[in-house]
Each structure stands twice: as structure tokens, then as C-alpha cells.
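Here the structure is laid out as C-alpha cells; the discussion comes afterwards.
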Amino acid sequence: MKLAPLNTVQNAHEDSIWTAAWVPATEDSGPLLLTGSLDETVRLWNPDGPEKVQTNTGHCLGVVSVAAHPSGRIAASASIDSFIRVFDVATNNTIATLEAPPSEVWQLQFNPQGTTLAAAGGGSASVKLWDTAEWKLIATLEVPRPEGLKPSEKSGSKKFALSVAWSPDGRQIACGAMDGTISVFDVPRAKFMHHLEGHCMPVRSLVYSSAPLDSRILFSASDDGHVHVYDAERKTLITSMSGHSSWVLSVDVSPDGAAIATGSSDKSVRLWDLKMRAATQILTGHSDQVWAVAFGPTLRTDVRSCLLASASDDKSVSFYKYS
């Protein structure tokens, strides 16, 4: 397995790029990349070229997360302005605007079935779920406070919810917090199940395995410099991988489930072989921290390959071929 650098778009935004996500192909369009930036815009890119398809305005502060619906027709962006904007990918028309209290929307993720949008609730120490038919808030999954604290101490002990990931069957959600804990929830019952422990610093990115037999496997990226591999159902830490010299800001899993990519504040993108449990490639094309890595769908021309995108504080977006 390897990553072959393809192209880099310099000055893809006017400020730091904090988030990226792929929009699946539709009948009208191939897969597109969404990026969100401190410059308050969301941009859409065609990787062939690569070329900018459109720029979406509508937020009045930096964009912290973008997510695409599995249909490829709608997407959502979350900003420090406390709004989630849901929009039509093709026309950029606003479909819904979801409001939250200040600093209570961070990472967004649609469930694999496309029926629910989850948002890590920041200072609310919760995950909020909106239904995608009427855009109503349908559940708030509260991250429990540490045991042994009196209710009076509750305010100081809240867990700031940063990251969120859905299991492939859509029945579980994992939420990463500022204190390094990961909470796992049973979505149909809207119940907290358990914590996954092992990180000691913020968990900024989570993703479940895409391999059919490994759907319980959860990957986490943390400011402690480690990538953890958990069995999210059995509450076990399978392995911890290190190599980045600074915070690990983003993790994503390849469509074949054989590799993960990570982006770090050490300015590198790394490719990790999960069988070897080690980084097999280090890419140093960015000149500032890498906030987002995202694997795209498999290529139509070669089903064993796909694209990877990375986005950075250096305002650039880079594309690679994974094979």
C-alpha cells in the first residue's frame, strides 16, 4: 500500500483550512471534496484538475466541520458562530439552519443510512442528533460526568465534546472529549454504554473501521501523539500506535479497511499499515499543521485505489492516490 502525491491546491482558502469531507458521486457528478475554513467559507472541489466548483458563504465565523449526506446531494457545515447550515450540494441553496448555544457545535457526521445528523456538542458535553427529514432535534446523548463528583462540582467537570463517529450499522456513536475519554452510546435506546480510556489529551478525530468483519473497531487520534485502535463493543484497547512528533489532529480509514491515514500538527500526513501496526509512509508536503485527512470513494477506473485528501493551516489542499 502506498500514497502517491497527485496535486496540491495552494491558497485553496484565504485562511487556515480546518475540515474536509468527501461528497459521494451522484448521477450528475463524480465525487467532490468539501473543505471548511477559518475564512468563514465552505468550498467544493472537483479532484479532476483539481478545480474549485463553488464557494459557499453563510457563516459569520470560522467553519469547524463539514459533512456530506450519503446520497451525495446534501451536506452540512458547522461554525464557531453556533449555526449548522444544511445545504443542497449542487445549488448551494440552504435547506435548514440549525442553531445551538455558543460553542456547542463541533464535529458533524451523518449516519450511514442518511436519516440522522450527529453533532459533537462542545461545551454541552453531549452529542446532539437531528433527523434529516424535518431537521428536528430528536435526541441529546449526554456524556456522563466522572463518578465520585458531587452534583455541585458538575459545572467544572464537564467533558467538552470535540469529535463524533457512527458505527457502520448506525447503531452506535462514539464521542471524543477534551479530557481524552471516548464515550460510546447505543443510539436506538439513546443510552450511554461505556467509556474507552487510554488517551490523556483531547481526542479530535474518530472513525470506525470500514472492513466488514471489523465494524466494532474504532480508531482515535489525540493530542497525546497517539493513534489508538479499540474494540468499541468490548471496551478493549487493541493497540496504540505512535510516530507523530506532535498532536494527531485527524484520522481516517481506507475503503478497504487495510490502512489508516493521519494528519498532525507536526505538518505531516502518515499512512499506517494496520497489519503491521506501523506507519509505512510519511508525507511532508504541507508547511503547517494538517487538520484534516479524508479518504474518498474507490476510483471507477481502479477499484483497488481511491483518493486521499489533506487540508492544512497552510491554506492548501493536497490530493493523493492510495493503492
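A few comments on the model shown:
- In the range 218-323, Rg over Rh equals 0.97, where Rg is the alpha-carbon radius of gyration and Rh the Kirkwood radius from pairwise Cα distances.
- Trypsin sites (Lys or Arg not before Pro) restricted to the range 239-323 and DSSP loop, no more than 11 other C-beta within 10 Å: Lys275, Arg300, Arg304
- Cβ-Cβ FRET estimate between Val303 and Asp48, R0 fixed at 25 Å, reported to 0.05: 0.90
- The range 278-323 gives an Rg/Rh value of 1.02, both radii derived from C-alpha positions and Rh following Kirkwood.
- Under a Gaussian network description of the chain, with springs only between Cα atoms under 10 Å, the residue in Glu104, Glu233, Glu27 that fluctuates furthest is Glu27.
- At an R0 of 25 angstrom, the distance between the Cβ atoms of Ser287 and Ala4 translates into a FRET efficiency of 0.80.
- Links that overshoot a 28 Å alpha carbon limit, given the list Lys235/Lys275; Lys128/Lys235; Lys2/Lys235: Lys2/Lys235
- Mean silhouette area of the range 173-224, derived from the convex hull of its C-alpha atoms and averaged over all directions, reads 3.8 nm².
- Ranking by accessible area, most exposed first, for Leu32, Leu299 with a 1.4 Å probe: Leu299, Leu32
- Computed over the Cα atoms of the range 212-262, pair by distinct pair, the Kirkwood hydrodynamic radius stands at 11.4 angstrom.
- Bins of 10 Å from zero: percent of alpha-carbon pairs in the chain: 6, 29, 38, 22, 4, 0
- FRET efficiency, 1/(1 + (r/R0)^6) with R0 22 Å, evaluated for Met193 and Ile95 via beta carbons: 0.10
- Separation in nanometres of the label points that stand 7 Å from Cα toward Cβ, at Arg145 and Asp231: 3.4
- Restricting the trypsin sites (Lys or Arg not before Pro) of the range 159-260 to loop positions (DSSP other than H, G, I, E, B) with no more than 11 neighbouring Cβ atoms within 10 Å leaves Arg189, Arg234.
- You can think of it this way: the chain between Ser103 and Thr115 has 1.9 nm of extra reach, that is 0.36 nm per residue less the Cα-Cα gap.
- Sequence of Cys175, Cys200 from largest to smallest accessible area, 1.4 Å probe: Cys200, Cys175
- 10 Å beta-carbon shell around Asp15, net charge (K/R +1, D/E -1): -3
- Accessible area per residue in Å² at 1.4 Å probe, computed on the chain: 42
- Principal axis box of the range 1-110, alpha-carbon based, largest edge first, Å: 42, 30, 27
- Within the accessible area of the chain (1.4 Å probe), percent carbon and sulfur: 49
- Distance between the C-alpha centres of the range 1-36 and the range 37-69: 9 Å, rounded to the whole angstrom.
The values are calculated or read from the model by the stated rules, or taken from the named source; none is laboratory data. In this text, all values refer to a predicted model and were calculated from it rather than measured experimentally. Here the Cβ is made from the backbone with ideal geometry for all residues, glycine too, and neighbour counts use every protein chain on show. The accessibility values were calculated without ligands, DNA or RNA, using every heavy atom of the protein model including side chains. Shrake-Rupley method; radii C 1.70, N 1.55, O 1.52, S 1.80 Å.
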